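The structure appears right after this line, and notes come after that.
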Amino acid sequence: MADGEETPERPGWWERIQRFALKPVPEGAGAPLGQDAADEPETVAELRAKVRYADDKERLIGLIAAPVAAMVAFVITQSRIASDPAARYANGSVNPHHVAPSLYAELGAVTILLAVLALGFAFFRRRLYLGIVLALYGLSMVNLGFWGFGLPFLVVASWYLVRAWRLQQKLKEAEAGEGSGPGGRPSRARPNKRYTPPT
């Protein structure tokens, strides 16, 4: 190597993990994780890809949130079943605070299914569906009374949905600026109904 040439820096362990675990960004889907925000897509085709696919940052958050959601759902279900009071008091009267364990098991299965769906949507970079699934999961945790577990997922879901909405608005503005109709085809001028052909 000639004098004065800088040796290329080797990627750190965190970058190596990201390259190994993360699916490559589809072409035109946006800037990779850590890239400058000034390189955001501007053309209609790039914006469509950005709307359709999540970027590396959104995908990484989903891949982390989904296993955490599954673990939380499993722990809460087991704790609810273990702490469920008896169906009847010692005197034989019905305990109104008792809940059938099968109901907790069904609820746990549904929340774990939501976590699995979130993992799948995060892997395939489906931002909108990921936001909806995480919102449903957060609401289920809030309805169970676990606000501390539900609110973070609601915040993350809101972040996904707001980003999806903003990108949709930006795409509409770009399409209107280029005068393109649905599907990227140029909009055709409508004929004038007041036009009278010459006799």
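Reported count of residues in segment 92-141, each being within 13 Å of Ala69 (Cα to Cα) and of a type in the set (Val, Ile, Thr), is 5.
Conditions (1) outside any helix (DSSP H, G or I); (2) under 15 Å from Val72 (Cα atoms), marked per residue:
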| position | (1), (2) |
| --- | --- |
| Leu107 | no, yes |
| Thr111 | no, yes |
| Gly120 | no, no |
| Leu130 | no, no |
| Tyr137 | no, yes |
| Val142 | no, yes |
| Gly145 | yes, yes |
| Phe149 | no, yes |
| Leu154 | no, yes |
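Could you say whether any residue in segment 91-101 is outside any loop (DSSP other than H, G, I, E, B) and of a type outside the set (D, E, K, R)? Yes, segment 91-101 contains a residue that is outside any loop (DSSP other than H, G, I, E, B) and of a type outside the set (D, E, K, R). Return the residues of segment 82-118 that are at pLDDT 85 or above and among the β-branched types (Val, Ile, Thr); say none if nothing qualifies. Listed by number, the residues that qualify are Val110, Thr111, Ile112, Val116. The set of residues in segment 69-86 that are among the β-branched types (Val, Ile, Thr) and in contact (Cβ under 8 Å) with a residue 24 or more places away in the chain comprises Val72, Ile76, Thr77, Ile81. For segment 87-95, check the following and say yes or no: at least one residue is hydrophobic (A, V, I, L, M, F, W, C), surrounded by fewer than 12 Cβ atoms within 10 Å (Cβ to Cβ), touching a His at 6+ places or on another chain (Cβ under 7 Å) and in contact (Cβ under 8 Å) with a residue 12 or more places away in the chain. Checking segment 87-95: not a single residue is hydrophobic (A, V, I, L, M, F, W, C), surrounded by fewer than 12 Cβ atoms within 10 Å (Cβ to Cβ), touching a His at 6+ places or on another chain (Cβ under 7 Å) and in contact (Cβ under 8 Å) with a residue 12 or more places away in the chain.
Enumerate the pairs (first residue in segment 155-166 and in contact (Cβ under 8 Å) with a residue 40 or more places away in the chain and among the basic types (Lys, Arg); second residue anywhere and part of a helix (DSSP H, G or I) and surrounded by 18 or more Cβ atoms within 10 Å (Cβ to Cβ)) with beta-carbon separation below 9 Å, excluding pairs fewer than 6 apart on the same chain, so at least 6 apart or on different chains. Qualifying pairs under 9 Å: Arg163/Glu58; Arg163/Arg127; Arg163/Gly131.
The residues listed here are Leu63, Leu47; of these, the one that is touching a helix residue (DSSP H, G or I) at 6+ places or on another chain (Cβ under 8 Å), assigned to a helix (DSSP H, G or I), under 16 Å from Ala135 (Cα atoms) and touching a residue at least 60 places away in the same chain (Cβ under 8 Å) is Leu63. Would you check if there is a residue in segment 54-62 being modelled with pLDDT of 85 or more, in contact with a Ser or Thr (Cβ under 8 Å, 6 or more places away or on another chain) and of a type outside the set (Val, Ile, Thr)? Within segment 54-62, not a single residue is modelled with pLDDT of 85 or more, in contact with a Ser or Thr (Cβ under 8 Å, 6 or more places away or on another chain) and of a type outside the set (Val, Ile, Thr).
The values are calculated or read from the model by the stated rules, or taken from the named source; none is laboratory data. If you're wondering where the values come from, they're calculated on a predicted model, not measured in any experiment. Here Cβ is always computed from backbone atoms with ideal geometry, including for glycine, and neighbour counts include all displayed protein chains.
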